[in-house]
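The values are calculated or read from the model by the stated rules, or taken from the named source; none is laboratory data. The structure displayed is predicted, hence computed values, not measured ones. Please note: Cβ atoms are built from the backbone with ideal geometry, for glycine as well, and neighbour counts cover all protein chains shown. The area values use the complete protein model at the heavy-atom level, side chains included, leaving out ligands, DNA and RNA. Shrake-Rupley method; radii C 1.70, N 1.55, O 1.52, S 1.80 Å.
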Amino acid sequence: MKTRLPFLPLALVLIALLAACGGGGNSGPVPADAIAQVDSVPVTKSSFTAMMSLACAKYKAQGQACPKVGTPTYSSLRDYSVTVLVQQEELAQEAKKLGVTVTQKDIDKQVEQIKKTYYKGSEKQFEDALKKAGVTLAPLEQYELGPNLLGQKLQAKVTSDVKVSDAAAQKYYNQNKASFTTPKTREVRHILVNSKSLADQIETKLQNGASFAALAKKYSKDTGSAAHGGKLCVAHGGTSGACQQTVAPFDKAAFSLKTNETSQPVKSVYGYHIIQALGAVKPAHTQTFAEVKSQIQANLASQQKQTAWQAWLAKMAKDFKGKVSYQTGYAPATTTTPTTPAPTTTG
C-alpha cells in the first residue's frame, strides 16, 4: 500500500518561473559550502541535500526507488532542485522588498489543514506518514510549505490592483452572449429496444393500460434511465445541467409530442424508442447581464491576474540575469521539470 504523504506540488509560482526565466546564470566563485549564489546570497549545500531528500521521499511514497547518481533521471532531478532553490531565493529577496512575509503561524495553519484533509485530523497518522517516507516536518515546511505560501502571498500582492470594470464585463457579455443561453429542455421518459417488433408489442401494452415505468424497467436497454422508469431530461441543441442533447430522431419526437402523449416507435442509431412527454417544453433562456456580471468579472479578473503574474515573473527573471553564480558541477543543464511521482492522497 502506498504511503499517504502531505506533500504539496511545488507552487505554481515556481513552475511558471521555470518557463519564464529559461535558465541562465554564471558559473563563478561561490562559498565552498554553497551550490549557488544569488546576488551575493549563498544557497547552501545543506538546503540542496534536504531538497533532494524530499524528492526521494516522494519516489518512496509511490513505491519507487530514488534515482541513482549518474542516471539521466538523477541529473534531471538535481538540476531541477538547484533551479528551484535558486528561484526560491530570488522570490524571497523580492518578497522582502515588497514587505511580503510568511510566518510560522501561516505554516502551522497549512500543516493543520493537511492533517485535516488527508489524515482526518490524526496527528499519529500524519507522523506515521512522515516516518514511513523518511522525512521530518522541518524540511517539509522550509522547502515546500513555506515557499508555496510565499508564492501565493506574492501573487496576491502583485495582482492586488487588478480590477474588472462593469464596462469590460458588459463588453464580454455582449461578445459571448451565446454562452449564457440555455437551450430549451423537456422532461420525458423512454423505452429503448433493439427490434421494431418488440417496440410494437410494448406500444400495444401501453395502449392497453400497462405501466410505462414498469415496462421501461423490464425491457429498456438504456439501463441508466430504465432504473428510473425511463425518465430523462433532454435539451435541444446542447446540454443544460442534467438535461442532455439527444440524437436527431429522438430530439424531433421528444419536442413535438404534446404533454403526456406517447410516440410510436422512433428509430435511431441505438434502436427503437417509445417516448412519452412528461411535461411542457421549457423554452430557451438567455441569462441577463445582471445575473452573470459577478461571474464574468471573477473569470476575467482571474485571467488578468494570471497574465500580470506571468509578466512580473518574467521581469524578475530578467532582473536577476547575471546575478546568479553556480558552484562547479551544479549549474543546471536544463530547466525542464523532471518526471517525479505526483503526491498521493490515497492510503
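Some observations on this one:
- Computed from phi, the 3J(HN,Hα) profile of the range 135-147 under the Karplus parametrisation 6.51, -1.76, 1.60 (θ = phi - 60°) reads 10, 10, 5, 4, x, 4, 5, 6, 10, 10, 5, x, x Hz, with x in place of Gly and Pro.
- Over the chain, relative contact order from alpha-carbon pairs under 8 Å, at least 6 apart, %: 33
- In the context of the full set of protein chains, the chain has a per residue accessible area of 54 Å² (1.4 Å probe).
- When the listed pairs 109/293; 115/157; 221/282; 116/315; 177/305; 171/315 are checked against a 32 Å cut-off, the alpha-carbon distance exceeds it for 109/293; 116/315.
- Within straight-line cross-link reach of residue 218, lysines at Cα separation under 22 Å, skipping those fewer than 8 residues along the same chain: 196, 205, 231, 267
- In percent, rounded to a whole number, the relative contact order of the range 121-234 is 22, using alpha-carbon pairs under 8 Å and six or more apart.
- For the range 164-282, size of Cβ-based charge dipole, Lys and Arg +1, Asp and Glu -1, in debye: 40
- When the solvent-accessible area of the chain is split by element, carbon and sulfur atoms take up 53 percent of it, the probe being 1.4 Å.
- For a paramagnetic label modelled on residue 245 (point 7 Å from Cα along Cα→Cβ), amide N atoms under 16 Å away belong, within the range 268-308, to 284-285.
- Relative contact order of the range 201-278, taken over Cα pairs closer than 8 Å and 6 or more residues apart, is 18 percent.
- Positive end of the dipole of the range 64-120 (Cβ unit charges, origin at the Cα centre): among 104, 75, 91, the Cα lying farthest that way belongs to 104.
- From the C-alpha gyration tensor of the chain, square roots of 5λ in Å: 58, 27, 18
- Each of residue 267 and residue 211 was given a label point 7 Å from its Cα along the Cα-to-Cβ line. The distance between the two points is 3.3 nm.
- Computed magnitude of the charge dipole of the range 62-204 (debye, nearest 20; Cβ of K, R +1, Cβ of D, E -1): 300
- Here the calculated FRET efficiency for residue 105 and residue 162, from their Cβ-Cβ distance with R0 = 25 Å, stands at 0.35, rounded to the nearest 0.05.
- Between the range 82-108 and the range 118-168, the alpha-carbon centres lie 12 Å apart.
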